[in-house]
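Beneath this line is the structure, given in C-alpha cells, with notes to follow.
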Amino acid sequence: MIRTLAATLFVLAGLARAQEAPLTAFVDVSVLPMDGERVLAHQTVLVRGERIESVGPLASTKIPDGARRIDGVGKWLMPGIAEMHGHVPSPKAPAELTESYLALFALRGATTVRTMYGFPNQFELRDRIQKGELLGPTLHTAAPPLSGNAVNGADHARE
C-alpha cells in the first residue's frame, strides 16, 4: 500500500537522487493520497532528494537521525499538479509578468508545466528555476506553433 500511495503522491517531481541525497520529514501532516475521497491524518512523509521514500502514521514511522524536520501540524500535503497545456508569456512580455506567471503555477500546486507556444527564452527560465533563482514549476518546453501564421516555410520551421 505504501508503494501505491507513494507513487500517487508526486509531491516533488524529477529523477531519484543517490542515497546521499538529503532526507526531509514532513511530520504530523494530513495527506490527500488522491486514490479516493479520504484524508490520512497524522502522517509522517519521508522524502529523499526528489522522491517520496515512505508514508506512514506519525506514531509508528521512525525518522532517521539527521533528517530535516518540517512541522506539519495543521498543514496538508497533496500531489503536485501537472499542467499539460500551460501558456507562458511571450519573450516580448515584461520579465515581471513572466516571473509572476511561473510563480503562480507553483503557488497553486502545479509542480510541472508543459508549455505551449514554446520560445527559446523558456530554456533560460527552465534553467533559472532548476538553479533556484526563480520560483516556478519544472518546465517542459514545446516548439512554437508550426502553423502558417507563425512559420514562414520549411527552413524557418527547422530553425
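The values are calculated or read from the model by the stated rules, or taken from the named source; none is laboratory data. This is a predicted model, so every value here is computed, not measured. Cβ coordinates were reconstructed from backbone atoms using ideal geometry, including for glycine residues, and neighbour counts include every protein chain displayed. SASA here: full protein model, heavy atoms, side chains in, ligands and nucleic acids out. Shrake-Rupley method; radii C 1.70, N 1.55, O 1.52, S 1.80 Å.
Listed values, structure above:
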| quantity | calculated |
| --- | --- |
| Fraction of accessible area attributable to carbon and sulfur, the chain (%, probe 1.4 Å) | 56 |
| Solvent-accessible ranking of 99, 20, 37, 124, largest area first, probe 1.4 Å | 37, 20, 124, 99 |
| Dipole axis of the chain (+1 Lys, Arg; -1 Asp, Glu on Cβ), positive-most option in 101, 25, 112 | 25 |
| Cβ crowding within 10 Å averaged over residues, with 129-138, 65-74 ranked highest first | 129-138, 65-74 |
| The chain, dipole about Cα centre (Lys/Arg Cβ +1, Asp/Glu Cβ -1), debye to the nearest 20 | 260 |
| Rg to Rh, two decimals, where segment 74-133 supplies the alpha carbon set and Rh follows Kirkwood | 0.99 |
| Cα-based reach from residue 75 at 28 Å (exclusive), listing lysines while leaving out same-chain residues under 8 positions away | 62, 131 |
| Candidate values (1) 1.43; (2) 1.27; (3) 0.95, label of the one derived for Cα Rg over 2.2 N^0.38 Å | (2) |
| Accessible area (Å², per residue) of the chain, counting only protein heavy atoms and a probe of 1.4 Å | 64 |
| Tilt relative to the chain, helix 95-107 - C-alpha long axis, 0 to 90 degrees, to 10 | 30 |
